[in-house]
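Presented below is the structure to which this report refers.
FYI, it's all coordinate maths here, none of it is from the lab. Predicted, not measured: the structure shown is a model, and the values here were computed from it. Every residue, glycine as well, gets a Cβ built from its backbone with ideal geometry; the counts of neighbours run over all protein chains shown.
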Amino acid sequence: MTTLILYNGKIHAKQPATAVALKDRKILAVGNDDDIKALATAGTRQIDLAGRLVLPGLHDGHFHFYNWAEGRNDLDLAKSNSLDNLLAQLRRRVRQTKPGRWIKGYGWNESEWPVPEMPTRHNLDLVSPQNPVILWRADFHAAVVNSAALNAAKITAHTPSPGGVIQQDANGQPTGILKELAIDMVRQHIPPLPQAELLPAMKKSIADLHKLGITGLHDQRLMSGDDGPLALRAYQQLRQNKDLTLRLTTNIHHTQLPHAIELGLKSGFGDDILRFGFVKVFSDGSMGAHTAWMLQPYEDGGLGMPATPPKEIAKIVRLAEENGWPVSIHAIGDRANREVLDIFEEVAAQKSGKPSLPMPHRIEHAQTLHPADAPRLAKLGLTASMQPIHLLDDMVLLNRILGERGNRAYVFGDLLAAGTVLAFGSDCPIASPNPWLGIHAAV
């Protein structure tokens, strides 16, 4: 029985078509209005498209859904065009917040300001002396916090950083700028959003994605990985309530891989709505935080940093492969990408035949590649999971910190010409979830 017919539309198929018939969410036939409407029965719903275009649902290849939904009531600083503007927005939020309550924000990008300097705790303290504040940079690899937040985390001039950077001033005092895992020293003191508030926020976020044409996504993990259990718990509750109307392929953090193996879980476990996908690993940080690992120094100094030692990444890849998990490795800098490619090459050389995995391994972002490395992804059968919208966000920054090497960023065309499979996404909430902005940037 045909359950739905869409007619009087525009449908791109092998032959021009105006109508489509569906049964239980699957396409039965595509053709002209008369032929397709003849398939209707008494219970068939018919919709006149009035000339509108019909497209398949879009799938976002890189999305932090839990973090986006959980933070949609936070301070959105993406349009802040100066430090003064950022502080004015923060001041308004302070007035609306009870003393002592945390204030969170995200999206600022100092590279687009008249004076491209990151804010510090001293700036925030002038506006919010009582409320602890954390404001993530646009890339989520750096954040600025005020003194109240530093005090809550007990961060002083003598506090060591666990795999990140606690920036200090000339006197050795914290500036309030935190990078990579150092951010989690503060974030772990922020109470998570209760499920009674989180689930409605997720339902609204799903509805908003549907309006953009998004019906599925690959759900990514943050560097610390502690968002994973919170996200999975919420997704399962939505699924049980029949409110998860978005196809989610959700990743696990590499620190959770041993637990998954112990339970006998593999990639693909789940159903067509909610299933496990990849093991997420971070090889470096971001350009904006100067933590992307580079072959040559930035124009203003420094090489960035590895987030996970390459030898450890190699162990994770081997363990994942042996237990039915593809890996998804974050790599931004050209040194990070080369190290990751070397690891995949080494692991492949030690095995006879291709690993039996439900999906190929991926490099997330693959933002800057040395020309000699770009063809290697296709040869190794790796997917390049890239976010074209970042090209628009990073143009000014890359010219300033990389110079001519900025031309080696976002080489979509070169990768495609080499036969690399590309998976595009938004990296939301780092960028807008609107897929049309990313498509525009890509072409």
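Of the listed requirements (1) in contact (Cβ under 8 Å) with a residue 12 or more places away in the chain; (2) within 25 Å of residue 278 (Cα to Cα), residue 371 misses just one: (2). Looking across segment 382-407, the residues that are within 10 Å of residue 367 (Cβ to Cβ) and assigned to a helix (DSSP H, G or I) come down to 390, 391, 394, 398. Here the helices (runs of 4 or more DSSP H) wholly within segment 183-259 that include at least 2 residues being in contact with a Lys or Arg (Cβ under 8 Å, 6 or more places away or on another chain) are 195-211, 227-240.
Here the strands (runs of 3 or more DSSP E) wholly within segment 16-102 that include at least 1 residues being buried (at least 17 other Cβ atoms within 10 Å of the Cβ) are 19-23, 26-31, 58-63.
The condition (being surrounded by 23 or more Cβ atoms within 10 Å (Cβ to Cβ), touching a strand residue (DSSP E or B) at 6+ places or on another chain (Cβ under 6 Å) and under 30 Å from residue 206 (Cα atoms)) is satisfied by just one residue among 427, 394: 427. Within segment 255-270, identify whether any single residue is surrounded by 18 or more Cβ atoms within 10 Å (Cβ to Cβ), in contact with a strand residue (DSSP E or B) (Cβ under 9 Å, 6 or more places away or on another chain), within 28 Å of residue 143 (Cβ to Cβ) and not aliphatic (A, V, I, L, M), and answer yes or no. Within segment 255-270 (the criterion being surrounded by 18 or more Cβ atoms within 10 Å (Cβ to Cβ), in contact with a strand residue (DSSP E or B) (Cβ under 9 Å, 6 or more places away or on another chain), within 28 Å of residue 143 (Cβ to Cβ) and not aliphatic (A, V, I, L, M)), the answer is yes, since at least one residue qualifies. Whether a residue is surrounded by 16 or more Cβ atoms within 10 Å (Cβ to Cβ) and not in a strand (DSSP E or B) was assessed, and residue 301 does not pass this test. Per the listing 170, 196, the residue uniquely closer than 30 Å to residue 125 by Cβ and either of a type outside the set (S, T, N, Q) or touching a Ser or Thr at 6+ places or on another chain (Cβ under 8 Å) (or both) is 170.
How many residues does segment 350-391 contain that are of a type outside the set (A, V, I, L, M) and surrounded by fewer than 24 Cβ atoms within 10 Å (Cβ to Cβ)? Counting residues in segment 350-391 that are of a type outside the set (A, V, I, L, M) and surrounded by fewer than 24 Cβ atoms within 10 Å (Cβ to Cβ) gives 18.
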